[in-house]
Amino acid sequence: MKIDRDAPIGVFDSGVGGLTVAREIMRNLPSEKIVYFGDTARVPYGSKSKDTVIRYSRQIIHFLEEQQVKAIVIACNTASAFALDAVKDELDIPVLGVIEAGAKVAAKETRNKRVGVIGTLGTVGSGIHEAYLKQLDPEITVIGKACPLFVPLVEEGWLHDPVTTEIVSRYLQELKDKEIDTLILGCTHYPLIRSTVGRVMGDQVTLVNPAYETALQLKALLAEMDISSSGTGEEDFPYRFYVSDLADEFKDFANSILPYDVSMAKKIDIEKY
């Protein structure tokens, strides 16, 4: 199957968190077009079963295939953990998750071989970061910590709030006690409170932002497959946004974090897929 190099990249997430991945793709691959889908009706995925997350992911992928995307980024750690392996072989186009790229960087960065992972209950419970890291370096000790309150704080817009600092300190104390020197932000919402997490953990801990690393991995993959955008043909709307609910709220949040003015997000019935 020949892939159209000027087709868009499909990016999906359980809601707004994956916009941090879209943002890094916009910054690092400026000539690429994006079709983003946020499953705002069924968020969060972190507390759902594996079977449910796989079913949701398949529906969204069918929708993105209809939009004729050339590659798909699962911009959600829970869906990457639960669904990536299940859907990878069903597709004719490349599909990336957000876990592998971050794990590679963490394995390279750690000096004392003690790596922390923060994420949703689903992601941390899946043990997938640990599995990747152990593959890369069996000597690494991985300490996971679920931080379920981080997502609602980010979505409430409390990025620099004393309440957020207090909750971050409480969750991360355990990781500080265990003397990690590298911390993977294992949920796509977390880069938005990166400065608070960094302050709480201190300068001696390296923070790994998988959103950024995934954009670089995507760039390398497109180049390797020779399907990077030719960059010709100026588009009025290079980025299209779709959601399963709450389009206006999504648009407001997107405009607060993206380097691009989102004029509309279109609501679709994802259950039809």
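Here are a few things to note about the model shown:
- Centroid-to-centroid separation of the stretch 25-66 and the stretch 97-130 [C-alpha atoms, Å]: 21
- Computed [θ] at 222 nm, deg cm²/dmol, the chain (DSSP H ≥ 4; -39,500 (n - 2.57); rounded to nearest 500): -13500 deg cm²/dmol
- Choice from GLY127, GLY38, GLY97 with maximal GNM fluctuation in the chain (Cα, 10 Å cutoff): GLY127
- For the chain, with +1 on Lys and Arg beta carbons and -1 on Asp and Glu, the positive-most of GLY231, MET201, ALA71 along the dipole: MET201
- Net +/- balance of residues flanking ASP137 in space, Cβ distance below 10 Å, scoring K and R +1, D and E -1: +2
- Qualifying trypsin sites (Lys or Arg not before Pro) in the stretch 76-135, where qualification requires a DSSP coil assignment and no more than 12 other C-beta atoms within 10 Å, comprise ARG111.
- Options THR20, VAL115, PRO44, ranked by Cα towards positive dipole end of the chain, top entry (Cβ charges): VAL115
- If only the Cβ of Lys and Arg carry +1 and only the Cβ of Asp and Glu carry -1, the dipole of the stretch 34-169 around its Cα centre is close to 360 debye.
- The charge dipole of the chain, taken about its Cα centre with unit charges on the Cβ of Lys, Arg, Asp and Glu (plus for the first two, minus for the last two), comes to roughly 540 debye.
- Within the accessible area of the stretch 17-118 (1.4 Å probe), percent carbon and sulfur: 42
- Gaussian network model of the chain, Cα within-10 Å springs - most flexible of LEU84, LEU96, LEU216: LEU216
- Gyration tensor (alpha-carbon) shape descriptor, the stretch 1-114, a/c threshold 1.5: oblate
- For the residue pairs LYS104/LYS219; LYS88/LYS266; LYS2/LYS88, the alpha carbons lie more than 25 Å apart in LYS88/LYS266.
- Taking GluC sites (Glu not before Pro) across the stretch 189-257, the ones in a DSSP loop with at most 11 further Cβ atoms lying within 10 angstrom of their Cβ are GLU234, GLU235.
- 3J(HN,Hα) couplings calculated from phi for the stretch 84-97 with the Karplus curve 6.51 cos²θ - 1.76 cosθ + 1.60 (θ = phi - 60°) are, in sequence order, 4, 5, 5, 9, 3, 7, 8, 10, 8, 10, x, 10, 10, x Hz; Gly and Pro show x.
- Heavy-atom accessible area with a 1.4 Å probe sorts SER80, SER230, largest first, into SER230, SER80.
- Between 0 and 90°, nearest 10: helix 162-177 axis offset from the chain longest Cα axis: 60
- Whether the stretch 41-192 is rounded, prolate or oblate, judged on the alpha carbon gyration tensor where a/c under 1.5 counts as rounded: oblate
- Residue-normalised accessible area of the chain, expressed per residue, 1.4 Å probe, Å²: 44
The values are calculated or read from the model by the stated rules, or taken from the named source; none is laboratory data. All values reported here derive from a predicted model rather than from experimental measurement. For neighbour counting, all protein chains shown are included, and Cβ atoms are generated from backbone atoms with ideal geometry for every residue, glycine included. These area figures cover heavy atoms from the full protein model, side chains too; ligands, DNA and RNA do not enter into them. Shrake-Rupley method; radii C 1.70, N 1.55, O 1.52, S 1.80 Å.
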